[in-house]
Amino acid sequence: MKDIIQFLPKKVINQIAAGEVIQRPASVLKELLENSIDAKSKSIDIFIRDSGKTLIQLIDNGEGMSYNDARNSYQRYTTSKIKTNEDIFRINTKGFRGEALASIAFVSQLEIQTKNKENKIGIHILVEEGKIKEQIPINMLKGTRISVKNIFYKFPARRIFLKSSKIEFKHIINEFYKIILAHRDIIYRFYHNDKIIFFLKKTSLKERIKEIFIKNKKLFPILIKKNKIIIEGFISKPNSSIKKGNHFLFVNQRCINNILLHKKIIHSYEGLLKNIKTVSYFIFIYIDPILVNWNIHPTKKEVKLEEENLICNMIQQEIKNILCCQYKVKKEELNNSDLLLDFNPSKKESLIFMNHYDSFFEGFSYKEKVIQLDNWFHQMKKSNYFIDVNLTKKLSNYIFHEKKIKTFQINGKYIIFLWNNENIILVDQHRAHQKILFEFFFKERKKKLISQKFLFPIEIKLLNNEFISLKNIQYELIEMGFHLYFWNQSVYLYSIPDNIHQNILVEIFKNILTYNFINGEKNNKKILIQSISKSAAVKSGTELHSNKMECLIRDFFSCKNINYTYSGDPIFFIFNKNFLKKTIL
């Protein structure tokens, strides 16, 4: 039998390789932008014509290339990024395979104009079908100008599979967005058919997101630092005006696709939204390069993370905490959005809980029941209510062993649940959370508290008396997990305790500054912890998801001395159902 396995011709090999890397004009722009960023460019101009089908040109002020480097740059497997096998496992650059320019040169007419700082003149090279057709010396500034013309001009079968100009331009813009989100310290100018589309200056991540994606919508910051992993970014409020949100996930500043991470992020909203597709997220993960395997996809869009499950759980838990603890929505916003919380009285599920107590709420509408309980509980808080200590111990033991506690919320203020089908427990959510935080800081302040660090310090400007007062409790704040620096009538925050969210910092320090702290006073720590606990505790009027309510109840009843706040106010009430019926109804 005749041998049938043979070596492929070099031209066919190049075609296959080029097809893996260059799928459409957007692929070209991606590769060129990544090369410019690796060349440490601070300004990039992009010129697109006919949605990239006839021209993609990029001009940067990066390091440029020497004469020999320019001649070698379009050859396959030539790169300045890696030199040894070990370098593959510590990728810190955008490119490393040495395939991008080679693939582009094979499917288009490629022109390279470049000069580095060591050379007095630059070089202009024209490449077609992977071969140099022309090379001449030129005068130019340091940097690189690359022009990619007539993509797939020698491959009509490939060119015919390109989509409409509108769709191809959409793909180009999407690749551009990925770069400008990750690399915001570069000035970008983007032209299409000689019209300027974008002129983007250096800015912060939040401003970039608002500039391009979410102009007038609320963004929630995310910041996690654990086990040498840093996760930061923003998630959005639900947006009923759009069909689908923007989803951007980055690992070491490279945009990736990761189905598991995406599902974890989106599913964090379950139970809060009718349509989770309207959620947007912009999340950046920074991890040791040795824990990342980029070498599993030709365009490096997919990645394997060693700590994938840990990262997924960290992100999901943080998003849930933000949504459940700090998610505050005005009534009019609630009515106009697609937010649908489990405690919404219009939901059948919520009514089931109230209907369970119809024996003592009989004859009242849902709204009347809520008003009755709210008004009555408000009066009880002012009275000298006494709770038996032994009864409290039994209740705490019941909660500790009970697998599922079905909770219900009244007017965003009180949490109610049933105990042994005989007693009703009413809990003031603000006072309960205040107690949890108070005991946590008192218990943990002698240990080394976990802090969340900011990439850039937050400045709080102070009056002279405020500056002195705050400086008098500097060591107490450090002990609690606040890392700060005093200078020129301002305090600069470098990190805060892990269980305090950044968006309530202003309120926390506003309350702290109402006290005039004197250096060395014994009560400074107690007053400080009281003030922070009160500011950071979930507020009355904040509507909570059922899971969050259950967590709060479990955490509260695991505290010591739970009957009263530090100021002596009752936190919860225990009532027999029959007593409640006679008293209220």
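The values are calculated or read from the model by the stated rules, or taken from the named source; none is laboratory data. Here the structure is a predicted model, which means the values were calculated and not measured. Neighbour counts are summed over all protein chains in view; Cβ atoms, including those assigned to glycine, are modelled from backbone coordinates with ideal geometry. When the accessible area is computed, the model is the full protein with side chains, heavy atoms only, and any ligands, DNA or RNA have been set aside. Shrake-Rupley method; radii C 1.70, N 1.55, O 1.52, S 1.80 Å.
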Rounded FRET efficiency, nearest 0.05, which uses the C-beta distance separating His401 from Asn313 and R0 of 25 Å: 0.45
³J(HN,Hα), Karplus 6.51/-1.76/1.60, whole Hz, each residue of segment 194-199, x for Gly, Pro: 6, 10, 6, 9, 9, 9
Packing-based ranking, highest mean first, of 505-514, 54-63, 169-178, 520-529 given that Cβ atoms within 10 Å are counted: 54-63, 169-178, 505-514, 520-529
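Computed FRET efficiency, Cβ-Cβ of Glu129 and Lys202, R0 41 Å: what is it to the nearest 0.05? Mind showing how you got there, number by number?
Numbers: r = 40 Å, r/R0 = 0.97.
It comes to 0.55.
Please state the shape class of segment 418-549: rounded when a/c is under 1.5, otherwise prolate if a/b exceeds b/c and oblate if not, all from the C-alpha gyration tensor.
Values: a/c = 2.18, a/b = 1.92, b/c = 1.14.
Here segment 418-549 falls in the prolate category.
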Whole-Hz couplings from phi, Karplus 6.51/-1.76/1.60, listed for segment 554-562; x for Gly and Pro: 5, 5, 5, 6, 8, 6, 8, 6, 8
Cα-Cα over 30 Å, subset of Lys263/Lys510; Lys166/Lys244; Lys142/Lys202; Lys30/Lys244: Lys263/Lys510
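Leaving out ligands, DNA and RNA, what percent of the accessible area of segment 128-215 is carbon and sulfur, probe 1.4 Å? Working shown, then result.
Numbers: 2780 of 5180 Å².
It is 54 percent, rounded to a whole number.
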Ellipsoid equivalent to segment 135-184 - semi-axes via the Cα gyration tensor, in Å: 27, 22, 7
